[in-house]
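Notes follow once the structure below has been shown.
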Amino acid sequence: MRKEPRKDAWWFGMPEERLDQIYKWSLVKPSETCVGGVQFALDQLAADGLKIVDAQFSRFRSFYRANCFWGSLGGLISAVQEKMPNATPEELAKVGDVVMMAKALSEENTSDYVSVRSVEQAERSGKTKARQKDEEIGLRRIKEQRDTCKLFLKWAEDEKAKSVLASGATNSEKIEALGRAMFPDWGEE
């Protein structure tokens, strides 16, 4: 899944070993004798006769990291498919989250790591809230059903309710008559 650089990219046609070396230069830590980081890599390239500016080098680093990631991901995808041939989308998403966290940590990109963890936490929290809401709705429904049954038993014992039920009125008329009999504020809304 690795990509080839654009033909006008300054690193086009360079062997992988050279690309690895250039990228490693950008990871050198600064010290008293070395500027380190991207500037060190730019200085090394300049010494080799390549005059590169920060923006060009930034594109190289993005390209290099993406290719490393996608290269390693290809092997991971094969391993996951081999080990988990019947994996559900949820299981594959979890594997993807682990890969993204590993990528972020390997690049010392704590903000990406925190973002992935935050998404996971929000997802867990959302599922928990949804489950709690479903349980709450279920309990409310059971309570309403019990209350309705209790009311019906009470109404069935009431002589006035019995006469309404036994009348030849339509269901709509019976509901109105029972409502007025049971609830003093019926129809005042």
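The values are calculated or read from the model by the stated rules, or taken from the named source; none is laboratory data. These numbers were taken from a predicted model, which means no experiment stands behind them. Cβ coordinates were reconstructed from backbone atoms using ideal geometry, including for glycine residues, and neighbour counts include every protein chain displayed. All accessible areas refer to the heavy atoms of the entire protein, side chains included, with ligands and DNA or RNA removed. Shrake-Rupley method; radii C 1.70, N 1.55, O 1.52, S 1.80 Å.
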Only residues that are in a helix (DSSP H, G or I) and free of Cβ contacts under 8 Å to residues at least 12 places away in the same chain: list them for the range 10-33, please.
16, 17, 18, 20, 21, 24
Filter result for the condition that a residue is modelled with pLDDT of 70 or more and open to solvent by 60 Å² or more (accessible area, probe 1.4 Å), over 108, 90:
90
In the range 49-60, what residues are open to solvent by 50 Å² or more (accessible area, probe 1.4 Å) and in a helix (DSSP H, G or I)?
54, 55, 56, 58, 59
Within the range 120-138, can one find any residue that is farther than 30 Å from residue 98 by Cα and in contact (Cβ under 8 Å) with a residue 24 or more places away in the chain?
no
Condition set over 15 Å from residue 63 (Cβ atoms) and out of contact with any helix residue (DSSP H, G or I) (no Cβ under 9 Å at 6 or more places or on another chain), scope the range 16-35, selection least open to solvent (accessible area, probe 1.4 Å): answer is 31
Based on what the data block shows, is residue 46 out of contact with any strand residue (DSSP E or B) (no Cβ under 8 Å at 6 or more places or on another chain), at pLDDT 90 or above and either surrounded by fewer than 10 Cβ atoms within 10 Å (Cβ to Cβ) or part of a helix (DSSP H, G or I) (or both)?
yes
